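Everything on this sheet refers to the single structure shown next.
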Amino acid sequence: MKDCEALKNHTVVSHKSIDLHAFIPQRIISKDIPVKMDITDLCCKSCNVPLATVEDLIAHIVAIHGQEYDYSAGVCVFPFILNKDLFQCMLCNDKYDNFTSMLGHMYKKHIERAYICQICGNSFIDQVRLNRHISYSHVGHRCKICLKIFDASHKLDKHKQRIHGIQRTVECNLCSSIFENQYQVKVHMGKVHNVERYKIKCEHCPKICTTKGAMLLHVQSLHSDVRFECDLCEYKTGIKWRIKLHKRKHFGEKNYVCSICTRRFGRSSNLSAHMKIHTGESRGGQKAVKHVNTEPCNEMDLTPVPTKPALTAKDKRKIMRNNVLQVLIKSTVMPFRWLKSSYRCFYCYDIFQESSDLKNHQQVHVGDEIKEQAMNNYWESVVYVDISNLACNLCPENVTDLYDLIDHLVAKHGVDYNKDVGICMVAFKLDNFAVNCLACGASFYTFGPLLHHTNKDHKGTSAILCDVCGQHFKDGNLLRLHVKTIHENTGLLCPECGEKFETRSKLKTHQKNQHDLDKKYKCLVCSQTFQSHYKRSRHMATEHKNRQEIKCLHCPKTFVFRSMMMTHLRDTHLKVRNHICGVCGWKAFNSNRLKNHMYKHSGEKNFKCEACDKAFTTKKIMRAHFARMHKTIQSQMMPYEHQYVGH
């Protein structure tokens, strides 16, 4: 049953009389799993005395009615007050968004795990979970070299290949060629030896393929009813993305570069096939066999120097952790985390609105042990660090840059730092009122926009650029996704008001905010729902006082987030105008307002009124016109909420 009220009514009506002495032994099979009980209207059945908790009920039936109760069994009951709008733990009063989260909390916090694994010491709530743990973790496929255990044979094979260099090979019965797996052998036998068993014939034409994937692409491309045409030539195909690949031939695009010989390719598959020339591997997965000349030779030995083995993800993570740990221990670099609109301590996850409070808090965490423990539990690829007060802990030499600090630690003090995985850290200089990008000098008033700017513009340079907007990308797949979402999906119309949007995400946001669709943000205390995370936070701060509001120092306005208060402060009181119009010199607070201002010079009127088709330069002016001139038909023609009109 989806509704708890329906469950209550069903239990009362359908199960009035039941033999509990016979029912309980059949259904309760483990003493370590508490029985879930609803105590909404809890009272004694013998004397109808209302009681608040299960403990009060037990004490009542023992003291008043003389019943026996064995307290040595521990927690036997999990009490709930079933309510579809409120999920609150009755044992500690914690609140949750759903029943599953609340139940998981109760199992984790309010039950003793009596079943302990004698091998590793982990504890479990029942014997079933303990047996499952032993079968997965301590019984399986053991590596004979390092004695490590794996729960699947393919994981053991991958471990032997990466760690011990042992390659599992399969040999062709016809020519003794060696392959990595049985699938590559089948492809080889069908392609090279023409074995009919491993050749796939097309049902529509004489085409023969050696893999199911190749046959699927062939059928979709040539024999599909849906046809896509190239607008530059007569090429046709049944697969849309093949048109994009085909157009590269017209434009001469070769975005995939070999890192060894710098040869360029139009497709990543061609680059992968080319790379096998440098690695000594032929196409199809077959390893090239090196023929050794057994006759004596007096010439110089031309055996190539073995290349350095590629680092695995586990190796890179281990190196990254050690690099950052060495810097944290031997310098004044301060690591930190960022979540939505707040700074977080790297070691204890405490939340701070001001960077100065975070810096003062760091004095609590002293010692190398806590830094080592934090890095052992860190799984991200980079660490955000503050270098406002940068200095070396080992000597008094003055260092101002993170890169100079690393070079100094390696050269002067012999610190173990491996640069094969990069710097592993992103440096910032945190300040309460302004933060600057250390790469380009761009200035921001809060850390959130700076972090977005850093990830977008300074994550790494690339030669793969968008022809439309000039943004660079790490590989061709990201570029194609960018073009598809930003430059190709133009003209998406809102079904409610007909407004156009560039992407589906912007259309979805518009529908949520202006047409009251999909209110998914539910208050954690009451039953109200909201269109956005901010509106719910504002409601909970004003109505339920769950967090302290931030008050402006110059006017009575209050804000939920510090970033919004800083925006209000700069715009209203400080009159910051850093964005200047190149035509008339007008100054704007941010780039969006300057963009709207530029419509006056260009004469563009992209916002039309749905009632009279009159066009306007900005959405704000169009909404004001609609509210003033067509207010009587507003509910039928354009259902904007009053809170958005006139903003």
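The values are calculated or read from the model by the stated rules, or taken from the named source; none is laboratory data. Being a predicted model, the structure only gives us computed values, none of them experimental. With ideal geometry, Cβ positions are generated from the backbone for all residues, glycine too; neighbour counts draw on all protein chains shown. Only protein heavy atoms, including side chains, enter the accessible area calculation; ligands, DNA and RNA are left aside. Shrake-Rupley method; radii C 1.70, N 1.55, O 1.52, S 1.80 Å.
The HN-Hα couplings worked out from phi for region 242-258 by the Karplus form 6.51 cos²θ - 1.76 cosθ + 1.60 (θ = phi - 60°) are 6, 5, 5, 5, 5, 5, 5, 5, 6, 8, x, 6, 9, 8, 9, 10, 6 Hz, whole numbers, x standing for Gly and Pro.
Within region 35-94, the ratio Rg/Rh, alpha carbon atoms throughout and Rh by Kirkwood, equals 0.99.
For region 185-231, the set of GluC sites (Glu not before Pro) satisfying both a DSSP loop assignment and a count of at most 10 other C-beta atoms within 10 Å is given as GLU203. Hey, can you grab everything whose amide H is under 5 Å from the amide H of PHE78? Only 5+ residues off in sequence or another chain; H modelled, so Pro and N-termini drop out. Distant-sequence amide H within range of PHE78: VAL35, LYS36, MET37.
So for region 223-266, Kirkwood radius off the Cα pairs, Stokes-Einstein at 4 °C and 1.567 mPa s: how many µm² s⁻¹? Present the calculation step by step, with values, prior to reporting the outcome.
Numbers: Rh = 11.9 Å.
Estimated diffusion coefficient is 109 µm²/s.
Computed from backbone phi with θ = phi - 60° and the Karplus coefficients 6.51, -1.76 and 1.60, the 3J(HN,Hα) list for region 409-416 is 5, 6, 6, 8, 10, x, 5, 6 Hz; x is used for glycine and proline.
From most to least packed by mean Cβ count within 10 Å, the peptides 317-330, 395-408 give 317-330, 395-408.
Working from the Cα coordinates of region 1-68, the gyration tensor eigenvalues give, after taking √(5λ), semi-axes of 22, 18, 13 Å in decreasing order. Pairs spanning more than 25 Å between alpha-carbon atoms, out of LYS212/LYS240; LYS158/LYS316; LYS557/LYS605: LYS557/LYS605.
With Cβ to Cβ distances under 10 Å as the rule, what net charge do the other residues near THR237 carry (K, R +1; D, E -1)?
Numbers: positive: ARG227, LYS236, LYS240, ARG242; negative: GLU229.
Neighbour charge sum, excluding THR237 itself: +3.
Protein heavy-atom accessible surface, 1.4 Å probe, per residue over region 164-250: 70 Å².
Of all accessible surface on region 327-373 at a 1.4 Å probe, what whole percent is carbon and sulfur? Don't skip to the answer; put the middle values down first.
Details: 1190 of 2420 Å².
Answer for region 327-373 is 49 percent, counting heavy atoms of protein chains only.
Applied to region 378-383, the Karplus parametrisation 6.51 cos²θ - 1.76 cosθ + 1.60 on θ = phi - 60° returns per-residue 3J(HN,Hα) values of 9, 10, 6, 7, 9, 10 Hz, with x for Gly and Pro.
Taking only the alpha carbons of region 398-457, we obtain Rg and Dmax values of 14.1, 39 Å in that order.
As an exercise, find the ratio Rg/Rh for region 146-264 from alpha-carbon atoms, using the Kirkwood inverse-distance average for Rh.
Numbers: Rg = 20.6 Å, Rh = 18.5 Å.
Rg/Rh for region 146-264 comes to 1.11.
The residues of region 336-407 present an accessible area of 58 Å² per residue when probed at 1.4 Å with all protein chains retained. Summarising the amide proton neighbourhood of TYR256: residues at separation of 5 or more, or on other chains, whose placed amide H is nearer than 5 Å comprise PHE265. Report note on the peptides 13-20, 432-439: ranked by the mean count of other C-beta atoms within 10 Å, highest first, their order is 432-439, 13-20.
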